[in-house]
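The values are calculated or read from the model by the stated rules, or taken from the named source; none is laboratory data. Here the structure is a predicted model, which is why all the values come from computation and not from measurement. Neighbour counts are summed over all protein chains in view; Cβ atoms, including those assigned to glycine, are modelled from backbone coordinates with ideal geometry.
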Amino acid sequence: MAIVEMSKLKIVALSCDKDKILNELFKTRCVELKKTANIDGTACNFCEEEYEKLQLLHNKIVNTIDFLDSINGTKYEIVDLTAEQFAKDGKFNCKKILNQIDRLQQQITTLRRENEKLLTRSATYEPYLCLSERFAEFRDTKHVEFYVGILPEGNIEKLDESLKDCPLTVVEICDKEGRVIKVCCHKSESIVVAKHLAELGFSRCPFTYDKTSKMLISECKNEIIRNNNLISTCERKLKEFCKELPRLRLSADHIKFCLEKLGAENLVRSTKKTFVLEAYLPKDKIDFVDKCLAKSKICMEREFADIPKNEMPSTLLKNNRLVKNFEFVTNMYSSPNYRELDPNGILMFFFSLFFGFVVADIGYGLVLVILGTFVGAMQKRESSFKQLCGVLATGGVFAIVFGVLFGTMFGVGNDSWDIVPPSILPNPTKDVIAMLGICLGAGAVQIMVSLALKAVLLIRRKQYADAIFSALVWEGFFVGVGLVVLDMAGIVIGTKIVGMYLAIISVAISVVGLVITQKGINKLTKSFGAVYGIINIFSDILSYARLFGLMLSGAIISGIVNQLATPFFENIATYLVGVIILAIGHGFNLVMGCLSAYIHVARLQYVEFFSRFYEGEGELFVPFGSGFSYVNITGNNI
């Protein structure tokens, strides 16, 4: 449970060796590049055009991988490689494969668009399926005009009425709906006929092919079939490229690494022939990095130095597996900065304690432990989701402990199920005051711990007066108030007066001490803030009452679910219904309980706990060449 002490590395070498040196730093897996201080006569040689060109290639590979994955239908597994294997195997020129895949994709897209056009064209022929004649046969003669087309439905009677004064005109209805018609008229009546047809919304057939509608539709269908065959051929060829997915994924990450090296040009300072590079690394890795660089036999000057006091390096946390999971919770608020305490160990205990108290059920706890452990173990790469699984599993352990103390398993007590142990703690639905007192007491303890951590941080910074009067003295205030509460509750007798005096003296010492040690207007503001802080302390402690409310609501819901399901177990025919009600009800209660517990417990840590000692605003240490998507580089040295 600590923040790793860091050092600074400075390298001066020939520009022609820059790429080799970056590769060697990548192999160490424990160096993070930093922006080099400006030096007269040097400049950044970052080439934006080259970077964007490589970025486009990377995007193209990633899009191709996603496309092939959708065809392949199988989930890829992250590949473990050493840095040396990655550097060697990643140099794969995939442009030829990308171009072939791109051509096939374009061909498929073109064929599908053509099919859409053919379907649209075929739909325009369909109304004329009732015509047995070829479209070209409807030609005007010297004395006769033909009108073939579509009339809006219901207008055929109106047409007959309109053409009653045209004896040389014949109308033939071609379909059952009376929409497709053929009109044959003498040219002497063509103007009148055309006028009446236009008034009734007649749409003349635009086709003049020497084919029938059925023949044209058949041609469209045959062409669609041919296109679909070509599409199938292209898709088969694309599927054959799925065997190239491992190399494409490796190439994508290698190009990503090349992008990171190009981006490093923004960090280093260069002249025409030399460059200067600065980086952070853990202090205990100096010898290892020095040996790796010396082994490369590259001509360079390197210097390892301590971090200046006015410089804030990135933060590298070193915690065991259990505590490391809770870095996810802390980082959601803010990463710790290099010059403060790592809160994750203490956060792990309090977060899990409060989470377990809210869930407080043996059955729910077992489900969380099993699911959290199993799902987390399936995640090969370290990720926020894997850490969250660990957080839930640890919270599940505490939920089991509190489930044993309260004597409840899936909302059932010892009186109904012998397998459940008898309760030790008070019944939350009956002893409300006692449970509320336990929650507030736990909150007071956490706030006391936060003040102790504040004192430790101030002492480390040699701010001894602030440590005493802003933190340590208030521990006495809490002890005093605690003695008064215990006496009033009848738990401890005769401590009320002592507690009152201890609390008052602690506040007085804090105010007087701040007045003496502060200067100017700070005398007034700090001392007033100390007195006013009493109100904040009590309001913060009251915030912990939410723990009891959440726990109580979960217990009540689980009881209601059991009551709803119980009648169905009286008859074997409805037994399955009872099981379904229990599964859905308890599943819903567990999900909502975990969600509420996580949000509100995290809120207590961020607002009531962190606010007194935690500064945050740090940047996590990220080794050079570690942001890969498909490859896991083994041999992590930090």
Output the number of residues of segment 147-178 satisfying the condition of being under 15 Å from Ser203 (Cβ atoms) and either at pLDDT 85 or above or among the β-branched types (Val, Ile, Thr) (or both). 8
Return yes or no: is Lys176 part of a helix (DSSP H, G or I) and out of contact with any His (no Cβ under 6 Å at 6 or more places or on another chain)? no
Selection within segment 569-627 - outside any loop (DSSP other than H, G, I, E, B), of a type in the set (A, V, I, L, M, F, W, C) and crowded, with 16+ Cβ neighbours inside 10 Å: Ile581, Leu582, Leu590, Cys594, Ala597, Val601, Ala602, Leu604, Phe609, Phe610
For segment 139-154, does any single residue satisfy the condition of being of a type in the set (Ser, Thr, Tyr) and either crowded, with 16+ Cβ neighbours inside 10 Å or under 30 Å from Phe241 (Cα atoms) (or both)? yes
Restricting to segment 538-553, give me the number of residues that are assigned to a helix (DSSP H, G or I) and either surrounded by fewer than 19 Cβ atoms within 10 Å (Cβ to Cβ) or among the aromatic types (Phe, Trp, Tyr) (or both). 10
With respect to Ile447, determine if the residue is farther than 19 Å from Ile535 by Cβ and either in contact (Cβ under 8 Å) with a residue 40 or more places away in the chain or touching a His at 6+ places or on another chain (Cβ under 8 Å) (or both). no
Flagged in segment 377-422 as in contact (Cβ under 8 Å) with a residue 24 or more places away in the chain, assigned to a loop (DSSP other than H, G, I, E, B) and either β-branched (Val, Ile, Thr) or not assigned by TED's automatic domain parsing to the domain that holds Thr566 (or both), in numbering order, are Val420
I'd like to check which helices (runs of 4 or more DSSP H) are fully inside segment 2-108 and have at least 1 residues that are assigned by TED's automatic domain parsing to the domain that holds Lys272. 18-28
Only one of these is of a type in the set (Gly, Ala, Ser) and closer than 30 Å to Glu327 by Cα: Ala43, Ala13, Ala83, Ala37. Name it. Ala83
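Condition check ((1) within 26 Å of the chain's Cα centre (by Cα); (2) over 26 Å from Asn23 (Cα atoms); (3) surrounded by 13 or more Cβ atoms within 10 Å (Cβ to Cβ)) across all residues:
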{"residue": "Tyr51", "(1), (2), (3)": "no, no, yes"}
{"residue": "Gln55", "(1), (2), (3)": "yes, no, yes"}
{"residue": "His58", "(1), (2), (3)": "yes, no, yes"}
{"residue": "Val62", "(1), (2), (3)": "yes, no, yes"}
{"residue": "Asn72", "(1), (2), (3)": "yes, yes, yes"}
{"residue": "Glu77", "(1), (2), (3)": "yes, no, no"}
{"residue": "Asp89", "(1), (2), (3)": "no, no, yes"}
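Take the residues of segment 554-568 that are among the polar types (S, T, N, Q) and surrounded by 14 or more Cβ atoms within 10 Å (Cβ to Cβ): which is nearest to the chain's Cα centre (by Cα)? I'd like the intermediate steps shown before the answer.
So in segment 554-568, the residues among the polar types (S, T, N, Q) come out as 558, 562-563, 566.
Remaining after also requiring surrounded by 14 or more Cβ atoms within 10 Å (Cβ to Cβ): 558, 562.
Values: Ser558: 31, Asn562: 35 Å.
So, considering only residues that are among the polar types (S, T, N, Q) and surrounded by 14 or more Cβ atoms within 10 Å (Cβ to Cβ), the one nearest to the chain's Cα centre (by Cα) is Ser558.
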Looking at Val449, is it within 25 Å of Ile557 (Cα to Cα) and either among the aliphatic types (A, V, I, L, M) or assigned by TED's automatic domain parsing to the domain that holds Lys324 (or both)? no
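Residue under question is Val12, and the condition is that it be over 18 Å from Phe257 (Cβ atoms) and in contact (Cβ under 8 Å) with a residue 12 or more places away in the chain; does it hold? Walk me through it before giving the result.
Numbers: over 18 Å from Phe257 (Cβ atoms): yes; in contact (Cβ under 8 Å) with a residue 12 or more places away in the chain: yes.
Yes: the conditions hold for Val12.
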Which condition number does Glu189 fail, the rest of (1) at negative phi; (2) not in a helix (DSSP H, G or I) being met? (2)
